[in-house]
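Right, one structure below, let's go through it.
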Amino acid sequence: MSTEEEKAQIAGEEEVTIFDKIVAKEIPADVIYEDDLALAFRDINATAKVHFLVIPKDRQGLTGISKSEEKHKELLGHLMITAAKVAEQENLSDGYRIVINEGKFGCQSVYHLHIHVIGGEQLGWPPTGIKEEASS
């Protein structure tokens, strides 16, 4: 598997994900922020000068945003506030993009809710990834 699209096509809801292993310190990561609820670390496949992920340390069943329920609203709010806090820490005052991939067509390859924060340079619009043949 070489592309994220290919990985997303075969990904499933694993009991233990790579992100669970990062939280457990079983796999190293370049952690840039941590508190009781969230962990932020640099994406190893960065798509911009700055690209980090914000994840819940305890998934609480949140394998993706589509699994969110009323009981998750405090955690989801905390993750968004954490993303903004770390973006400021990373000097992204000129702006950044927040992305949550959902499901195989959304290119989700790890089923542990995670927020991509991308910036540090001028980003384009619309975001890439929409195939020409799909828009025809």
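The values are calculated or read from the model by the stated rules, or taken from the named source; none is laboratory data. Just so it is clear, the model here is predicted, and its values are computed rather than measured. Don't worry about glycine lacking a Cβ; one is built from the backbone with ideal geometry, like all the others, and counts go over all protein chains shown.
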Scanning for something assigned to a loop (DSSP other than H, G, I, E, B), surrounded by fewer than 19 Cβ atoms within 10 Å (Cβ to Cβ) and modelled with pLDDT of 95 or more, does the stretch 81-92 turn up at least one residue?
-> yes
Can you name the number of the only condition in (1) without any contact (Cβ under 8 Å) to a residue 12 or more places away in the chain; (2) in a loop (DSSP other than H, G, I, E, B) that LYS71 fails?
-> (2)
In the stretch 30-51, is there at least one residue being within 22 Å of PRO126 (Cα to Cα), aliphatic (A, V, I, L, M), out of contact with any His (no Cβ under 9 Å at 6 or more places or on another chain) and part of a loop (DSSP other than H, G, I, E, B)?
-> yes
Residues satisfying the stated conditions in the stretch 101-117, i.e. of a type in the set (A, V, I, L, M, F, W, C), surrounded by 16 or more Cβ atoms within 10 Å (Cβ to Cβ) and not in a strand (DSSP E or B) | CYS107, VAL110, LEU113
Are there any pairs with C-beta distances below 8 angstrom linking a residue in the stretch 32-60 that is on the phi > 0 side of the Ramachandran plot and touching a residue at least 60 places away in the same chain (Cβ under 8 Å) to a residue that is among the polar types (S, T, N, Q) and not in a loop (DSSP other than H, G, I, E, B), with the two at least 6 apart or on different chains, and if so which?
-> none
